[in-house]
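Inspection log for the structure reproduced underneath, given as structure tokens.
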Amino acid sequence: MAGLGLRGPVCILAGKSARRDLESTWAATFGAVNLPYGVYAFGGECSVPEIARARAAAEAMGARVIVAAGGGKALDTGRAVAAELSVPAVICPTIASTDSPCSAISVIYTESGEVEGSRKHDRNPALVLVDSAVIAAAPLRMLVAGMGDALSTWFEARACIRSNARNMGGGACTRAVAALAELCWRTLQEDGVAAVQAMKSPGPVPAPALERIIEANTLLSGLGFESAGLAGAHSIHNGLCEAPEVHAYLHGEKVAFGTLCQLVLERAPAEEIAQVLAFCRSVGLPTTLDAIGLANLDDAMLARIAARSVIPGEWIHNEPFPVTAAMVAEAIREADRIGRQRA
Ligand SMILES: [Zn+2]
């Protein structure tokens, strides 16, 4: 931060485990460069009232930079506070479960945890700093879910490229970003299993395969989705969230199944679907409705999920062909059938 010319006072917004794991690091490293800092204990929900509380705390500290450390909601809150105060945000994810850290987006929830909307900020974080030893010590399920979120990146980018859709910033996808998104998928295939292995039997330093998966989940997927765009997988994820049973499952777990559905919807080649299925199985991502809590999905709920997936403004309309709710419902059933059949 000192190298980037960022000045204190620093307001660190952090959840409980981030404080436990990183407080001594903050004391040592901020002390070494004479950056004064204070810590705001994140309340747990990225809600409008929590953003207001955190902002008041940051203002009281006279903060000129916000550091957010923790999981997705802490990071989203930190970004929102930094945007409101027009100061830089520094993002320190302690898990690699989604591709949001590098983004300029905060998902806003109600205080009881329902999605209320999202805010698109003017600027991306000034710095995203990942301590891979911290990620390596987090639960394996988080890293695997991050691979699910990263799995969708190339396929959604490809859909956007085919339809010449606009990216999150309203611009066109560059060839550079297309290459990053493709590299993201290749990295998952090459290093996913080794990274899972490394999480299960950790060495003294994080294994190179784990480092590459952390990069894929965080940087490649983050740049990929924001600068190429989203498509069917994330809209089907949003549709699936209509069913209360899926709330126990992580974003990336549902996105992985949504990716399979997208490929079915696109009538992708059987070999490609088989590759994605094999990858999901090899790292433990869901490939069936059963695996995301929907073993008994009835047609009424399926219709609701499909209808929600295609509401106006959904990313699924970035697919290079018109998509209807009936097509989505059929794709979900077919993806589930394929997922079960080859298990
Ligand atoms: Zn996502």
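The values are calculated or read from the model by the stated rules, or taken from the named source; none is laboratory data. Note that the coordinates shown come from a computational prediction; the quantities given were computed from them, not determined experimentally. Virtual Cβ from ideal backbone geometry, glycine too; neighbours counted across all protein chains shown. Ligands, DNA and RNA are stripped out before the accessible areas are found, and what is left, the full protein with its side chains, is counted by its heavy atoms. Shrake-Rupley method; radii C 1.70, N 1.55, O 1.52, S 1.80 Å.
Filter region 238-252 down to residues that are within 22 Å of S118 (Cβ to Cβ) and open to solvent by 20 Å² or more (accessible area, probe 1.4 Å) and give me whichever is nearest to the ligand (Cβ to nearest atom).
H251
So that you can scan it fast, the table gives a plain yes or no per residue for (1) in a helix (DSSP H, G or I); (2) of a type in the set (S, T, N, Q); (3) under 26 Å from P101 (Cα atoms):
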| residue | (1), (2), (3) |
| --- | --- |
| F257 | yes, no, yes |
| A268 | no, no, no |
| S282 | yes, yes, yes |
| L302 | yes, no, no |
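Which one of these is more than 16 Å from the ligand (Cβ to nearest atom), over 14 Å from C11 (Cβ atoms), among the acidic types (D, E) and over 15 Å from the mean Cα position of the chain (by Cα): E84, E59, E45?
E45
Of the residues that sit in region 173-202 and are part of a loop (DSSP other than H, G, I, E, B) and either touching a helix residue (DSSP H, G or I) at 6+ places or on another chain (Cβ under 9 Å) or of a type in the set (D, E) (or both), which one is most open to solvent (accessible area, probe 1.4 Å)?
By that ranking, first place goes to P202.
When residues of region 176-210 are filtered for being within 12 Å of A150 (Cβ to Cβ) and not charged (D, E, K, R), how many remain?
Qualifying residue count, region 176-210: 10.
Which of the residues that make up region 127-155 are open to solvent by 30 Å² or more (accessible area, probe 1.4 Å), in a loop (DSSP other than H, G, I, E, B) and farther than 15 Å from L219 by Cβ?
If the condition is that a residue be open to solvent by 30 Å² or more (accessible area, probe 1.4 Å), in a loop (DSSP other than H, G, I, E, B) and farther than 15 Å from L219 by Cβ, then A137, P139 are the ones that fit.
If you scan region 11-62, which residues turn out to be surrounded by fewer than 13 Cβ atoms within 10 Å (Cβ to Cβ) and among the polar types (S, T, N, Q)?
S24, N34
Could you list, in sequence order, all residues of region 99-123 that are away from the ligand (no atom under 16 Å from the Cβ) and in a loop (DSSP other than H, G, I, E, B)?
Answer for region 99-123, where residues must be away from the ligand (no atom under 16 Å from the Cβ) and in a loop (DSSP other than H, G, I, E, B): T110, E111, S112, G113, E114, H121, D122, R123.
Residue check: is T287 touching a helix residue (DSSP H, G or I) at 6+ places or on another chain (Cβ under 6 Å) and of a type in the set (S, T, N, Q)?
yes
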